[in-house]
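What follows is a set of notes on a single structure, which appears directly below.
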Amino acid sequence: MEELSGAEVEQRVAVLKRFRALLTMQRDRFRVYLETLDHQKNLIEKGSAEELCAHVELEERIVGDIISIQKTIEPMRALYEFTWKGGGSLSVPEIPKIEETITNLKTEAGLRWERNKALLEERMSAIRTELSELRASPYRRRRSSYPNAPAPSMIDIKG
């Protein structure tokens, strides 16, 4: 095994720290996303359309953050693997643990998103049913028994 210079060790440590920081940030974003999906589930069940709409916008921002961090992680992963492929005297056991946690969080997020999607579809179906029942109501277009009578123009308020 070759001996590393001080600059090479510093470079490897800097890459490691940045890669670890990005992975930790990604993990934290996924945790926030899971909390958001749980809150969204409650909003779907409650039926609050305005709050749900605001929550969907928040969800989109969180997913955008996750995607942008992922775009940064990929080149950093390549750099990390390149600089640490020789292994050297430093071992990095926590990186695989963080990556495993992120994988588990991704899986959980997918399951919760699917659950919310099914709940939302069920809720929308119920709303469509209610609307169709309202349209079919016999009181919807009730006609006057005097179709040719003129509309009243004065009202007697004294009685």
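Restricting segment 33-86 to residues that are surrounded by 14 or more Cβ atoms within 10 Å (Cβ to Cβ) and basic (K, R) leaves a set whose member that is farthest from M124 (Cα to Cα) is R77. Given the residues K117, K106, K97, which is the only one that is in contact with a Phe, Trp or Tyr (Cβ under 8 Å, 6 or more places away or on another chain), in a helix (DSSP H, G or I) and closer than 30 Å to I67 by Cβ? Going through K117, K106, K97 in turn, just one is in contact with a Phe, Trp or Tyr (Cβ under 8 Å, 6 or more places away or on another chain), in a helix (DSSP H, G or I) and closer than 30 Å to I67 by Cβ: K106. Looking for something within 30 Å of V15 (Cβ to Cβ) and at pLDDT 90 or above - is there at least one such residue anywhere in segment 33-41? Looking for residues that are within 30 Å of V15 (Cβ to Cβ) and at pLDDT 90 or above, one finds at least one in segment 33-41, hence yes.
The values are calculated or read from the model by the stated rules, or taken from the named source; none is laboratory data. Quick caveat, the model's predicted, so the values are computed rather than measured. We place every Cβ from the backbone using ideal geometry, glycine too, and count neighbours over all the protein chains shown.
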